[in-house]
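Colleague: Sending over a structure as structure tokens; questions will come in a sec.
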Amino acid sequence: AAYLDAISRDPFNYQHLIQAYSRESDQLMKITAIEGLGNVLKNPNFFRAFGNGFGQVKSEILNVLISAVTSGDPGQIATASGIIREPSLQWKEWFRDLTFMKDAVAKLKMPRDVEAYNELKNTIAFLEGDTGFKPEAVAYNHPIDWSLMQGVGDSSIAAIKTEKGVIRVSLYRDEAPGTVANFIDLINKKFYNDKIFHRVVPNFVVQTGCPRGDGFGSLDYTIRSELPPLYYDGEGYIGMASAGNHTESTQWFITHSPAPHLDGNYTIFGKVVEGMDVVHKIQQGDKITEIIFVK
């Protein structure tokens, strides 16, 4: 994936990216290839590279984007939708019939695929000239298991065992009981065993918990957002990944540093009390061995 991302910086590599999309079966590779084609299209040297042949290249890339939208895969759909919606690429005149997009929307499963659903609906609205698009709001549908909370005390710790070492986290039972209960339930079910850190942004976050391993996966339920007056004012906060309020499910992140732009939108449900050196060593692709909850 890193290789595909690197070669996408040169427009002349677009055919390699198309071949990778067609050849690879792994969804992460396919999504990276689509992202790479987006990089090619947005490269300031795109027109200079292909001259009068730019239309043919753009048409070849469009065929890949259409394949991605009709694939049924939420990661491919979300990624391709964002590229088609990019105003600078001027796709509107290329689309006369959006039936295939509307059919793709209908096949997505809610609330699991809410991110792809909203991305594609937004793209359809853009192509139709509708400026009033509003994302689909998701109501949480997963009740809090209060019995799990009875075993959570002030000294309770979640020990996250990774390939780089152990990260110990205290859980905010009072501020985010629904999130903590969901986290403990998934720990008890060994859901997080062997999950990778699919996203690492230096000086920002490490993120994990995706069952697909590419950031577009979740389970078939959502939990409520819990947003009391807590703030990402330092390193080590553990928060829930989200595509909007009440869309949280299994993915979470740990901050490398203060991230005030997350305040009020992303549930904070714990903080690292030991192992920040491990957090800083985590690289994309590193695995969680297991998480143990210690009452």
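Colleague: Rg(Cα) of region 182-254 divided by 2.2 N^0.38 Å?
Modeller: 1.09
Colleague: Okay, moving on. For region 81-130, what is the largest minus smallest coordinate of the Cα atoms on each principal axis, given in angstrom and ordered from greatest to least?
Modeller: So the extents along the principal axes, rounded to whole Å, are 31, 19, 16.
Colleague: Only helical DSSP H runs with n ≥ 4 go in: add -39500 (n - 2.57) per run for the chain, normalise by residue count and round the 222 nm mean residue ellipticity to 500 deg cm²/dmol.
Modeller: -11000 deg cm²/dmol
Colleague: Sticking with this structure for a sec: Taking only C-alpha pairs under 8 Å that are 6+ residues apart, what is the relative contact order of region 143-220 in percent?
Modeller: Normalised by residue count, the contact order of region 143-220 is 20 percent.
Colleague: Let me ask something else about it. Tabulate in residue order the Karplus-calculated ³J(HN,Hα) for region 270-285, using 6.51 cos²θ - 1.76 cosθ + 1.60 with θ = phi - 60°, rounded to whole Hz; enter x for Gly and Pro.
Modeller: Values per residue, Gly and Pro as x: x, 8, 5, 10, 7, x, 4, 4, 5, 4, 6, 8, 4, 10, 4, x Hz.
Colleague: For region 98-143, what is the accessible area per residue in Å² when the probe is 1.4 Å?
Modeller: That works out to 58 Å² per residue.
Colleague: On to the next question. Would you report the distance distribution of C-alpha pairs in the chain as whole percents per 5 angstrom bin, up to the bin with the largest distance?
Modeller: The percentages, shortest bin first, are 1, 5, 11, 14, 16, 15, 13, 10, 7, 5, 2, 1, 0, 0.
Colleague: Checking the table 195/295; 109/287; 30/58 against a 20 Å threshold on Cα-Cα, which pairs fail?
Modeller: Values: 195/295 23 Å; 109/287 28 Å; 30/58 18 Å.
The pairs that break the limit, which is 20 Å between Cα atoms, are 195/295; 109/287.
Colleague: Now for a separate question. Given H placed on each backbone N at 1.01 Å, which residues far from residue 274 in sequence or on other chains put an amide H within less than 5 Å of it?
Modeller: 168
Colleague: For region 158-295, with every protein chain kept in place, what is the accessible area per residue (1.4 Å probe, Å²)?
Modeller: Computed with neighbouring chains in place, this is 41 Å² per residue.
Colleague: Given a 1.4 angstrom probe, I'd like the percentage of the accessible area of the chain that is carbon and sulfur, rounded to a whole number.
Modeller: Here carbon and sulfur together make up 48 percent of the probe-accessible area.
Colleague: Separate question: Starting from the eigenvalues of the Cα gyration tensor, five times each then square-rooted, give me the equivalent ellipsoid semi-axes of region 62-149, largest first, whole Å.
Modeller: Its equivalent ellipsoid spans semi-axes of 30, 14, 11 Å.
The values are calculated or read from the model by the stated rules, or taken from the named source; none is laboratory data. A quick note: this is a predicted structure, and the numbers were derived from the prediction, not measured. The protein model used for the area step is the full one, side chains on, heavy atoms only, and it has no ligands, DNA or RNA in it. Shrake-Rupley method; radii C 1.70, N 1.55, O 1.52, S 1.80 Å.
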